[in-house]
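The next block holds one structure in the form of structure tokens; read it before the comments.
The values are calculated or read from the model by the stated rules, or taken from the named source; none is laboratory data. Keep in mind it's a predicted model, so treat the numbers as computed, not measured. Glycine gets a Cβ as well: all are built from the backbone with ideal geometry, and neighbour counts include every protein chain shown. Only protein heavy atoms, including side chains, enter the accessible area calculation; ligands, DNA and RNA are left aside. Shrake-Rupley method; radii C 1.70, N 1.55, O 1.52, S 1.80 Å.
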Amino acid sequence: MSEQFSHIPVLLDEVLEYLAPERGGIFVDGTLGGGGHAGAVLSRLPETGRLIGIDRDWEAVRAAGERLSTYGSRFTALHGNFFDMKALLNENGISQVDGILLDLGVSSHQLDTASRGFSFREDGPLDMRMDTRAAFSARNLVNEAPEEEIADILWQF
């Protein structure tokens, strides 16, 4: 699983330069994905440092958790939305952090896995859920939502 859901980050040197994990502290990767950035941050964190990874995609949380398990308690993978970061961190006893990373967008894994419904290269179901455990999919939206709601979504986004 963790090999399938991997991430080779672009602009990694720049991210590490500005985030500066070698200074220590608590860092958050709010879009954990395949753990590419998280692994690089963890490799530079001092032994006293900690990284919290958050992702909406259970597959990403599981894969990154497996891949980065060698870091022990220095790494925690949480399922959730970075929008709820403050609450997720508070639930884990963290009220302040030293750096936050957000690599926004759809992951390569989500695009490359036709069954996720994001692919423009492969045929697959109309799904497009970041969290596959969520009940409502893009298929539900286009087949059940009123035309006005769909038009409004297209107009706004």
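Springs between alpha-carbon pairs under 10 angstrom, Gaussian network model over the chain: which of 139, 67, 50 fluctuates most?
Comparing 139, 67, 50 in the GNM, the peak value goes to 139.
Between residue 58 and residue 94, what is 0.36 nm times their sequence separation minus the Cα-Cα distance? Round to one decimal in nm.
On the way: separation 36, 0.36 × 36 = 12.96 nm, distance 2.19 nm.
That works out to 10.8 nm of additional length.
Run the quick spin-label model on residue 148 and residue 66: label points 7 Å from Cα toward the beta carbon, then report their separation in nm to one decimal.
It works out to 4.7 nm between the two label points.
Any chance you could run the full-extension gain for residue 156 through residue 22? It's 0.36 nm times the residue separation minus the Cα-Cα distance, nm to one decimal.
Gain in length upon complete extension: 44.1 nm.
Give the accessible surface of region 38-78 per residue, rounded to a whole number of Å², with probe radius 1.4 Å and ligands, DNA and RNA excluded.
Accessible area per residue, region 38-78: 43 Å².
With springs only between Cα atoms under 10 Å apart, run a GNM on the chain and tell me which of 28, 142, 15 wobbles the most.
142
Lys and Arg at +1, Asp and Glu at -1: add these up for the other residues within a Cβ distance under 13 Å of residue 45 and post the number.
0
Less than 12 Å Cβ to Cβ from residue 71, Lys/Arg counted +1 and Asp/Glu -1: what total charge do the surrounding residues give? Walk me through the numbers before you get to the answer.
Values: positive: 44, 50, 67, 74; negative: 47, 66.
Residues close to residue 71 contribute a combined charge of +2.
Taking the Cβ-Cβ separation of residue 83 and residue 114 as r and a Förster radius of 22 Å, what is the calculated FRET efficiency to the nearest 0.05?
Values: r = 28 Å, r/R0 = 1.25.
Once rounded, the FRET efficiency stands at 0.20.
In the set (i) 62, 43, 26; (ii) 53, 31, 26; (iii) 93, 42, 26, which value of Cα extents along the principal axes in Å was calculated from the structure you see?
Checking each listed value against the structure points to (ii).
Quick check: the distance between the Cα centres of region 30-49 and region 61-84, to the nearest angstrom?
About 9 Å separates the Cα centre of region 30-49 from the one of region 61-84.
What is the sum of charges, Lys and Arg at +1 and Asp and Glu at -1, for the other residues whose Cβ falls under 15 Å from the Cβ of residue 19?
-4
On each of the three principal axes of the Cα atoms of region 14-100, give max minus min coordinate, whole Å, ordered largest first.
That gives 29, 26, 25 Å along the principal axes, largest extent first.
For the peptides 123-131, 89-97, what is the packing order when you average, over each peptide's residues, the other Cβ atoms within 10 Å and list the highest mean first?
So the order, starting with the most tightly packed, is 123-131, 89-97.
Can you give me the distance in nm between label points at residue 136 and residue 13, each placed 7 Å from the Cα along the Cα-to-Cβ direction?
About 4.4 nm, to one decimal.
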